Structures are given as structure tokens and as C-alpha cells.
Amino acid sequence: MILIAWNAVLTGTKRWALYPPDQHPPGVGPDDADYYTAPASLRWYLEVYPTIKENERPIECLQHAGEII
């Protein structure tokens with residue numbers, strides 16, 4: 001199955017943390033086959049992100065107003 005998504009930012013900035021599709025980000029795990037448990041993004045960046053080893057961190061980018069990813 002191929003999933004395609006578009007995200008446009010109209011105002012402000014969005015920070016993306018990108019992991020490969022076959023890798024669960026630290027702190028995010030499957031609750032059952034159809035649902036994943038994850039903290040809110042701010043909580044993840046404040047509590048989980050600082051504990052991730054540098055070589056296990058996601059690819060990150062900033063998306064600014066008017067940009068589409």
C-alpha cells in the first residue's frame with residue numbers, strides 16, 4: 001500500500017521529524033494493529049528527543065508559510 005500526503009503551511013512554521021516508514025520513533029509505539037500511542041509533539045520534543053542518541057535522531061526540516069511538503 002502506498003500512502004501519499006501533502007501538508008501546506010499557511011502561516012507560521014512547522015518542524016518535521018522524519019523517520020523511515022519501517023521504524024517507530026522512540027516514545028511512539030503500537031497500541032494495537034490499527035493505532036499508535038504517542039505523546040503530544042511538544043512533550044515528545046521536550047522529554048523524548050533529548051534522550052535519543054545522535055545517530056538515532058530523525059531527519060529534521062522546517063516548513064515555512066507558503067511551502068508544501
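Of the accessible area of the chain, computed with a 1.4 Å probe over protein heavy atoms only, carbon and sulfur atoms account for 58 percent.
Per residue, the solvent-accessible area of the chain (1.4 Å probe, heavy atoms of protein chains only, all protein chains present) comes to 85 Å². Need one word for the chain: rounded, prolate or oblate. Basis is the Cα gyration tensor (sqrt eigenvalues a ≥ b ≥ c); a/c below 1.5 gives rounded, then a/b vs b/c decides. Oblate shape, in that a/c is at least 1.5 and b/c is the bigger or equal ratio. Dipole orientation for the chain: of the candidates THR51, GLY27, LEU10, LEU10 has the Cα lying most toward the positive pole (charges on Cβ; Lys, Arg +1; Asp, Glu -1).
The values are calculated or read from the model by the stated rules, or taken from the named source; none is laboratory data. Please read these numbers as outputs of a predicted model, since none were measured by experiment. With ideal geometry, Cβ positions are generated from the backbone for all residues, glycine too; neighbour counts draw on all protein chains shown. Protein only, heavy atoms only, side chains kept; ligands, DNA and RNA dropped before computing areas. Shrake-Rupley method; radii C 1.70, N 1.55, O 1.52, S 1.80 Å.
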